[in-house]
1. Of all residues being among the charged types (D, E, K, R) and in contact with a Gly (Cβ under 8 Å, 6 or more places away or on another chain) in segment 91-124, which is farthest from Asp16 (Cα to Cα)? Just the residue, please.
2. Run down Leu112, Leu88, Leu123, Leu58 and say which single residue is open to solvent by less than 90 Å² (accessible area, probe 1.4 Å) and more than 15 Å from the chain's Cα centre (by Cα).
3. Taking the stated definitions as given, is Val17 in a loop (DSSP other than H, G, I, E, B), in contact (Cβ under 8 Å) with a residue 40 or more places away in the chain and surrounded by 12 or more Cβ atoms within 10 Å (Cβ to Cβ)?
4. What is the number of the single condition among (1) closer than 19 Å to Ala6 by Cα; (2) at pLDDT 90 or above; (3) part of a loop (DSSP other than H, G, I, E, B); (4) acidic (Asp, Glu) that Glu74 does not meet?
5. Filter segment 61-71 for residues that are surrounded by 13 or more Cβ atoms within 10 Å (Cβ to Cβ), modelled with pLDDT of 90 or more and in a loop (DSSP other than H, G, I, E, B) and give the result.
Amino acid sequence: MTRLKAFQRLVLQYADVADALVIYIEEAHPSDGWVSSDAPYQIRKHRSLEERLRAARLMAREAPGVAIVADSMENSCNSAYGAYFDRLYIVQDGKVVYQGGRGPEGYRISELRNWLDQYRTRLRDAVIRV
């Protein structure tokens, strides 16, 4: 299963407690750069926002139901969060409360799942006490 498919399953599983967003940043393995032998698509380095949006649309087709947006050509989101090239975050009230390791080695969907399980439990406990 691809990371995106695993993330899609997580999004559906925790839709009751979390909203999810994928931010498509610059292509990690562009076909005209550092090519990956197992890349499902041949996407060249984005030269315009329209090219980046087209690549993000490809990703969106692979994971229906997952909200996907594209970073600016200045890579402002990638720079602000240090995502380069895969990274998982949880943001609450404008603060990062969970930051996973940099991918691909540090990309651990299980850590995100554990955090969300604990959060769901805290929410249930709060409701029961009321």
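The values are calculated or read from the model by the stated rules, or taken from the named source; none is laboratory data. Worth saying up front: this structure is predicted, and the values here are computed from it rather than measured. Note that each Cβ is placed from the backbone with ideal geometry, even for glycine, and that neighbours are counted across all protein chains shown. What goes into the accessible areas is simple: the full protein's heavy atoms, side chains included, and nothing from ligands, DNA or RNA. Shrake-Rupley method; radii C 1.70, N 1.55, O 1.52, S 1.80 Å.
1. Initially, segment 91-124 is screened for residues among the charged types (D, E, K, R), giving 93, 95, 102, 105, 108, 111, 113, 117, 120, 122, 124.
Restricting the remaining residues to those that are in contact with a Gly (Cβ under 8 Å, 6 or more places away or on another chain) gives 102, 108, 111.
Details: Arg102: 27, Arg108: 21, Glu111: 18 Å.
Among those residues, the one meeting the criterion is Arg102.
2. Leu123
3. When the stated conditions are applied, Val17 passes them.
4. Only one criterion in (1) closer than 19 Å to Ala6 by Cα; (2) at pLDDT 90 or above; (3) part of a loop (DSSP other than H, G, I, E, B); (4) acidic (Asp, Glu) is unmet by Glu74, namely (1).
5. Initially, segment 61-71 is screened for residues surrounded by 13 or more Cβ atoms within 10 Å (Cβ to Cβ), giving 62-63, 66, 68, 70-71.
Next cut, modelled with pLDDT of 90 or more only: 68, 70-71.
Of everything in segment 61-71, just one residue is surrounded by 13 or more Cβ atoms within 10 Å (Cβ to Cβ), modelled with pLDDT of 90 or more and in a loop (DSSP other than H, G, I, E, B), namely Asp71.
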